Amino acid sequence: MQISRVQAHYFTNVHNNNITAEAKAQTHSEGLSRGESGGMPFSNVPVSYKYGANIHFGEYIDPNRTVPHIDYEEYLALKPAAKRRLHMRYKTFLSRKTNQKGLYDNKYTSTPLANEYTVNSFFDVAKMYNQYKGQSIICLGRSPKWFLNTSLWMKDGIDGYDFVAFSKYWYRPDSVEGIKFLPDMAPTEKEERAYRKYLDRVQADPKSIVAYHEATGKKTIITDFIATGKGACSFLDVMGRYAKDEGILERFAKAIEFVGIGSIDYLEDLYPHTEEFSIPSVPIPPVLQEYGHHIKQSFYEIKNYAMFRDMLMNQNVNECRSTYYPHQAWTVYQPDKFKTGLIKDMSKVKEIRESIPTKKGDCMSHFTPAMFDFRNLLSFHIFEELDNANLLIDRAEREKAKLRFKATKKYIRELKKAF
């Protein structure tokens, strides 16, 4: 279903500055009091209408859901009554069966980050990323996104990061060979060509990384959740072969650093008969092994297992945040244009993509309404906890950070052109 009716006050104030007093006096019928909504009216917006702010009302969501999109600006604009209402919605959301049924995995019925201990542990991981402020950061896949977003919203946090969609693997650890290649699970040449174009477009390609390193001396941080490291190894295989074809393989190895997050407790649960565990790391794929000694790796252990399960094992938390992108999808959709949760039957990925009509420039999603609500409530909860702990970055500093990040991306584009 496409949106044809939106709550204007939940988007940008730019389009609401000229609302008349008569319009502000309109009453609401969707369960929001005037105190919660600030007296702003509903607006009738034509399907496919585009605002100058690049918001397109064509997402695959049910307009009858009541939780608005909540990001930094939206949180700052919320009135106290709206915050109280959303606070209660977050606490009770998963207790309702109608909401549970719309989630990816309805066995998770407790709210994430439900106590001070898990919240503080979550903030500790976000603060770990703060040390990389001023460096280029690649968020590999969905796992680190909640932590990196929280660092963005935090005082002294990072200026920005590049999300690179990547799912599944074709290398795995092997006790005899070190790592084992699984040819039946590897991408085709056509798929890999499509993925290289995606990397170029999001400025996460080897040339951009090497140009940035050689101009500034700063390595690009690649970060992901690490258990066996098979997914990250497969990503480095793609990047390494791309760098080799460009003639910059060794320079690429010198230009990256890998930061893993994970839990030893999780590994003990995963392999109960193993007596000792080494610190998790990413196995180096064959194409990079000659230069693997250049690639610095570090691992941050999450010691609060309850928080680890909340934010990394809970599939609802993973699935609601960003795009699932295994190699079977590389030729089918662009992950920043078509946002999707886990697709269990990959033979249907093209069918799913084609079932939602789009025009050039559209950004579409096929998340369920409950998953949208869950994501927005979790975002609100994190903002609220940052605010309560006096950790939320102020508006002026956040604007400066955004400008710095934008300038860095422009600088990298110029460096790559001159490379």
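The slack between ASN120 and LYS409, meaning 0.36 nm per residue of separation minus the straight C-alpha distance, is 100.9 nm.
A straight chain from ALA306 to ASP200 at 0.36 nm per residue would run longer than the Cα-Cα distance by 34.4 nm.
Do any of LYS219/LYS416; LYS197/LYS400; LYS107/LYS180 go past 25 Å between their Cα atoms, and which? As for pairs spanning more than 25 Å Cα to Cα, those are LYS197/LYS400; LYS107/LYS180. If the chain linking ARG96 and ASP269 were pulled fully straight, counting 0.36 nm for each residue of separation and taking away their Cα-Cα distance, it would gain 59.3 nm.
Taking a point 7 Å from the Cα of ALA215 along the Cα-to-Cβ direction, the residues of the stretch 129-170 with backbone N closer than 16 Å to it are 134-137. Pairs with C-alpha atoms separated by more than 25 Å, drawn from the list LYS168/LYS244; LYS244/LYS417; LYS79/LYS303, are LYS79/LYS303. Each of the peptides 239-250, 177-188 was scored by the mean count of other Cβ atoms within 10 Å over its residues; in descending order, highest first, they stand as 239-250, 177-188.
Of the chymotrypsin sites (Phe, Trp or Tyr not before Pro) in the stretch 251-289, the ones in a loop by DSSP (not H, G, I, E or B) with at most 14 other beta carbons within 10 Å are PHE277.
A short reminder: the numbers here are calculations on the coordinates, not readings from a lab. Computed from a prediction, not measured in an experiment: that's the story for all the values here. Here Cβ is always computed from backbone atoms with ideal geometry, including for glycine, and neighbour counts include all displayed protein chains.
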